[in-house]
Amino acid sequence: MASPRPIVLVHGAVHGAWCWAALQTELDRRGVPSFAVDLPGHGASAEDLTDTMGNAAAVSAVVDRLHDRFGVPVVLVGHSYGGTVIGQAADAAKVAHLVFLTALVTEVGESPNTLMATFPPPVFTGPVPSRIFLRGDDGTISGNPEAAVPVFYNDSPAEAAAAAIARLCPQRTDSLKQAVTRAAWKDIPSTYVRCTKDMAISIAAQDMLVARLPDPSVATLETDHSPFLGMPSQLADILAPLSQG
């Protein structure tokens, strides 16, 4: 029996590897090895915050180690901003499949900010939240606690959302302004996971991103921007078969 492909999980902006804990428990139950990455300066990482190229280099280093250890290509999952990172980082010789989890699909020469400027906005049923990110004087952004629930966690369990908000961390502003130099999704098979209640990347914007991918598999979850909190079992059901090839 062939060894399962490791699943490498890359978080989005101002998050950390901690956000994947419930999903990893579900993948464990299915016998699927998974590895959650803290981008530099995020979560428990003691490294300095860096830009998208630095984030992609960190992910590439993890992929290299796991490819050497397991002897098989990995499945690389990116959430939100993490989609930009995996598109820059992935090497077709070491990555068998890309998964964009309500994530950015960024073209060569494009930055997250220039891409997101083209998106139709989400439609809020209640009050429109205040700024999603707060800007620091040190060239960073951080998650606005007042906007986190309506934007990131509007369909997540309240307790999990509260714990997540406490863990949000700064990120370098220029990571969202830096244009990428690779679009690995053009050469590596991909899956896009749509989230219909997402208030960070609207479902209309997600469908724009799906249309960029060449012949993707598409899955849909009736949840918010953070399915790893509210639907970890359903998300594991989507990812686990990819580990088997």
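Any read-out appearing in this document is the output of simple, stated calculations on the displayed coordinates, not a laboratory observation. This is a predicted model, so every value here is computed, not measured. Virtual Cβ from ideal backbone geometry, glycine too; neighbours counted across all protein chains shown.
Give me the percent of DSSP beta bridges within the chain that run antiparallel, rounded to the nearest 5.
Taking every DSSP beta bridge within the chain, about 20 percent pair in antiparallel fashion.
What is the magnitude of the charge dipole of segment 122-202 about its Cα centre, with +1 placed on the Cβ of each Lys and Arg, -1 on the Cβ of each Asp and Glu, and no other charges, expressed in debye to the nearest 20?
260
For segment 87-100, take each phi angle, set θ = phi - 60°, evaluate the Karplus expression 6.51 cos²θ - 1.76 cosθ + 1.60, and give the result in whole Hz per residue in order, putting x for glycine and proline.
Values per residue, Gly and Pro as x: x, 7, 8, 5, 10, 4, 6, 10, 10, 7, 7, 10, 10, 9 Hz.
Considering the Cα positions of segment 143-233, please state its Rg to one decimal place and its Dmax as a whole number of Å.
Spelled out, the Cα radius of gyration and Dmax of segment 143-233 are 15.0, 40 Å.
Once you've got the GNM for the chain with C-alpha springs shorter than 10 Å, pick whichever of VAL123, VAL74, VAL63 has the biggest mean-square fluctuation.
Highest fluctuation among the options: VAL123.
Determine which aspartates and glutamates satisfy two conditions relative to LYS186: a Cα distance under 15 Å, and not lying fewer than 8 residues away in the same chain.
The qualifying aspartates and glutamates are ASP91, GLU107, GLU110, ASP215.
What FRET efficiency do you get for ARG30 and ALA204 if R0 is 35 Å and r is their Cβ-Cβ distance, rounded to the nearest 0.05?
Working: r = 32 Å, r/R0 = 0.92.
Here the calculated transfer efficiency is 0.60.
I need the semi-axes of the equivalent ellipsoid of segment 90-152: take the C-alpha gyration tensor, multiply each eigenvalue by 5, square-root it, list largest first in whole angstrom.
Output for segment 90-152: semi-axes of 28, 17, 13 Å.
If you take volume of the Cα convex hull per residue in Å³ from the coordinates, which of [x] 140; [y] 113; [z] 130 do you get?
After the calculation, the listed value that fits is [y].
Mind computing the radius of gyration and Dmax over the alpha-carbon atoms of segment 1-42? Å is fine for both.
11.5, 39
Expressed in nm to one decimal, what extension gain is obtained for the pair GLU146 and ARG182 from 0.36 nm per residue of sequence separation less their Cα-Cα distance?
Length difference between fully extended and current span is 9.5 nm.
How would CYS195, CYS169 line up from fewest to most surrounding beta-carbon atoms within 10 angstrom?
CYS169, CYS195
What does the charge count near ASP64 come to, summing +1 for each Lys or Arg and -1 for each Asp or Glu among other residues with Cβ under 11 Å from its Cβ?
+1
Please report Rg (one decimal) and Dmax (integer) in Å for the Cα set of segment 186-245.
Radius of gyration, then largest Cα-Cα span, for segment 186-245: 11.9, 32 Å.
Could you tell me how many degrees, from 0 to 90 and to the nearest 10, lie between the Cα long axis of helix 203-212 and the main elongation axis, the longest principal axis, of the Cα atoms of the chain?
Roughly 40 degrees, rounded to the nearest 10.
Considering only C-alpha atoms, what is the centroid distance from segment 146-185 to segment 93-119, in Å?
The two parts, judged by their Cα centres, are 15 Å apart.
Neighbour counts of other C-beta atoms within 10 Å: give me SER156, SER190 arranged from fewest to most.
Numbers: SER156 23, SER190 26.
Going from least to most buried by this count: SER156, SER190.
No solvent, one uniform scatterer per C-alpha: report log10 I(q)/I(0) for segment 1-126 via the Debye equation at q = 0.12 1/Å, two decimals.
Log-scaled intensity ratios, in q order: -0.46.
Could you give the dipole magnitude of the chain about its Cα centre, charging the beta-carbon of Lys and Arg +1 and that of Asp and Glu -1, in debye to the nearest 20?
280
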